[in-house]
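*Asks:* Okay, here's the structure, questions in a sec.
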Amino acid sequence: MTALPVVCLLGATGTGKTEAAIRLAQAFDGAVINYDSRQIYRDLPLVTAQPTREEQARCPHHLYGFLPAGARRSAGAYARLVHAMAARVRRQGRLPILVGGTGLYLRAVLSGLAPIPDIPAALRADIQRECDRVGPHTLHARLAAVDPASAARIAPADRQRITRALEVYAATGRTLTDWHAQEATTGPEYAAVKIGLDISAHGYAQRLAGRIEAMVEQGAVAEVARAATRFPEGAWGLSGIGCAEILRHLSGELDLDAAKTLWLKNTKAYAKRQMTWFRKESGVSWFAPDDHQGMALLVQARLAGG
RNA sequence: GCCGAGGUAGCUCAGUCGGUAGAGCAGGGGACUGAAAAUCCCCGUGUCGGCAGUUCGAUUCUGUCCCUCGGCA
C-alpha cells in the first residue's frame, strides 16, 4: 500500500492556521480535517475559534463542531476518526489537510498509540474518586509497587497520568510500561508534509488579546452561558480555556475584565505548551503565518517529488 | 524654595540590628502513549539611584547630589 499524502498544519493557537489551511485547500483541491481537541464541540464554536460558516464555505471542512459539549473523545478514538476521514477525502480525489493544535492527537494519527483497549468508564471514575480522596501521592506509591518504571517516569503530583497507569493495570492486568513496549497501532501510512506556522514576532500577545476581545464582542459570553444551561452538571467541553474564565464571570466571581485578563494569561501559557510540543516535532518546515505562497510552493514540490 | 515619604528583579514590594538580597505577579525552559485548551516539573546577578565618608567590609550607617510622589508656599 502506498503512503497517503497529507498536509499537516501545526502551530500555536491564534497563528492563522485556519486561513492558511483554506488557501492550501483551494490551491490543491484539498479538504480540511480538524485535529484540535476542542473545536469538536458544536455548542462552543466561538470560544474554541472554529472556522466560521463563511470560512467553511470556501472549501470542505471535516470534524468540526460535531459533538455536544458533554461528550469526550479519547486521543485514540479521535485518531480513528481522522484515519477514516482522510481515507474518505482521498477517495473523493481530494488532498487531506490536517489542521489543529493538539500535539497528542497529531502524534496518535501519525505514529499511533499502544494497543490498549478502552477502559470501562466506571473503573476510571472509581480511581479518580479515590485520587480526589487520598491524593495523588498515595496512588503514586501504589503505582510504584506494581509498575516501578511508570512511577519513576510520572511525577508524584501528576494525578492524570497516575490514575491512567493504575486504571490500565486494573482493567488489563498488565502494566502501562508493558503495553508501551508493544508496537503501536497505526492507521494508514501517511506521507505527511508538515507545515509549522511560526509566531515569534512581538505582536503575538496583542493578537491573542485582540482575538479575545473579538470573541467577546461576537457573543462568547452568551455562547458559554447557553452551553452551561444545556449542561448544568458541568461538561468536559466547558473546561477549556475561555469557557472556564467566562463561567467564573457568570457566577459573579470575576468581573468581565478580570475574566478576560485571566483568559489571555491562560491562552499564552497554552501557546507556550503547544510550541514546546511542536518544536520537537520532526520534519517541520516553518513559515511566517501569512506566507501562503511559500507554503503552497513547498506542498507542490513535495507532492511532485513524492 | 521649605517640610515629609520614597528610590532594591520587567511590575508591586519585603529585607539585610553592617558580611553584596527574596516573595508575589509577570516572564522563560521542559515533560507528555486514549481527559491533552488536560496534567505536571524546573528556572531569579539585580551597578539594592549617583558620588564621597566611616569601616577589614556599605545595599544597610553618615554626608551630599539627582530623581519620583505628597503637603506647604
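The values are calculated or read from the model by the stated rules, or taken from the named source; none is laboratory data. Just so it is clear, the model here is predicted, and its values are computed rather than measured. Cβ coordinates were reconstructed from backbone atoms using ideal geometry, including for glycine residues, and neighbour counts include every protein chain displayed.
*Asks:* A:Q160 - would you say it is exposed (fewer than 14 other Cβ atoms within 10 Å of the Cβ), within 11 Å of RNA strand B (Cβ to nearest atom) and among the polar types (S, T, N, Q)?
*Replies:* Taking the combined requirement at face value, the residue satisfies it.
Conditions tested, residue by residue: (1) under 30 Å from A:A152 (Cα atoms); (2) out of contact with any strand residue (DSSP E or B) (no Cβ under 6 Å at 6 or more places or on another chain); (3) hydrophobic (A, V, I, L, M, F, W, C).
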| residue | (1), (2), (3) |
| --- | --- |
| A:T186 | yes, yes, no |
| A:K194 | no, no, no |
| A:G203 | no, yes, no |
| A:P232 | no, yes, no |
| A:W236 | yes, yes, yes |
| A:I241 | no, yes, yes |
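*Asks:* If you check every pair at least six apart or on different chains, which have Cβ atoms under 8 Å apart with a residue in the stretch A:92-114 that is free of Cβ contacts under 8 Å to residues at least 60 places away in the same chain first and a residue that is among the small types (G, A, S) and buried (at least 24 other Cβ atoms within 10 Å of the Cβ) second?
*Replies:* A:A108/A:A79
*Asks:* Here's a follow-up. Show me the helices (runs of 4 or more DSSP H) entirely contained within the stretch A:147-193 in which 3 or more residues are over 21 Å from A:D118 (Cα atoms).
*Replies:* The helices (runs of 4 or more DSSP H) meeting that bar are A:148-153.
*Asks:* For the stretch A:24-31, does any single residue satisfy the condition of being more than 10 Å from RNA strand B (Cβ to nearest atom) and under 19 Å from the mean Cα position of the chain (by Cα)?
*Replies:* Looking through the stretch A:24-31, at least one residue is more than 10 Å from RNA strand B (Cβ to nearest atom) and under 19 Å from the mean Cα position of the chain (by Cα).
*Asks:* Oh, and also: Can you work out which of the residues in the stretch A:288-299 that are in contact with a helix residue (DSSP H, G or I) (Cβ under 8 Å, 6 or more places away or on another chain) and at pLDDT 95 or above is farthest from A:S111 (Cα to Cα)?
*Replies:* Among residues in the stretch A:288-299 that are in contact with a helix residue (DSSP H, G or I) (Cβ under 8 Å, 6 or more places away or on another chain) and at pLDDT 95 or above, the one farthest from A:S111 (Cα to Cα) is A:H292.
*Asks:* Cβ-Cβ under 6 Å, sequence separation 6+ or interchain: first residue in the stretch A:144-171 and free of Cβ contacts under 8 Å to residues at least 24 places away in the same chain, partner within 7 Å of RNA strand B (Cβ to nearest atom) and among the charged types (D, E, K, R). Which pairs?
*Replies:* From the stretch A:144-171, the pairs are A:I154/A:R161.
*Asks:* Please specify each residue of the stretch A:37-86 satisfying the condition of being more than 10 Å from RNA strand B (Cβ to nearest atom) and in a helix (DSSP H, G or I).
*Replies:* Result: A:R53, A:E54, A:E55, A:Q56, A:A57, A:L81, A:V82, A:H83, A:A84, A:M85, A:A86.
*Asks:* If a residue has to be touching a residue at least 12 places away in the same chain (Cβ under 8 Å) and either hydrophobic (A, V, I, L, M, F, W, C) or in a loop (DSSP other than H, G, I, E, B) (or both) to count, how many in the stretch A:202-232 make the cut?
*Replies:* Within the stretch A:202-232, residues that are touching a residue at least 12 places away in the same chain (Cβ under 8 Å) and either hydrophobic (A, V, I, L, M, F, W, C) or in a loop (DSSP other than H, G, I, E, B) (or both) number 15.
*Asks:* Please specify each residue of the stretch A:228-264 satisfying the condition of being within 17 Å of A:P68 (Cα to Cα), more than 9 Å from RNA strand B (Cβ to nearest atom) and among the hydrophobic types (A, V, I, L, M, F, W, C).
*Replies:* Of everything in the stretch A:228-264, those that are within 17 Å of A:P68 (Cα to Cα), more than 9 Å from RNA strand B (Cβ to nearest atom) and among the hydrophobic types (A, V, I, L, M, F, W, C) turn out to be A:A228, A:F231, A:A235, A:L238.
*Asks:* Kindly provide the set of residues from the stretch A:87-105 that are more than 9 Å from RNA strand B (Cβ to nearest atom), part of a helix (DSSP H, G or I) and surrounded by 20 or more Cβ atoms within 10 Å (Cβ to Cβ), ordered by number.
*Replies:* The answer is A:V89, and nothing else.
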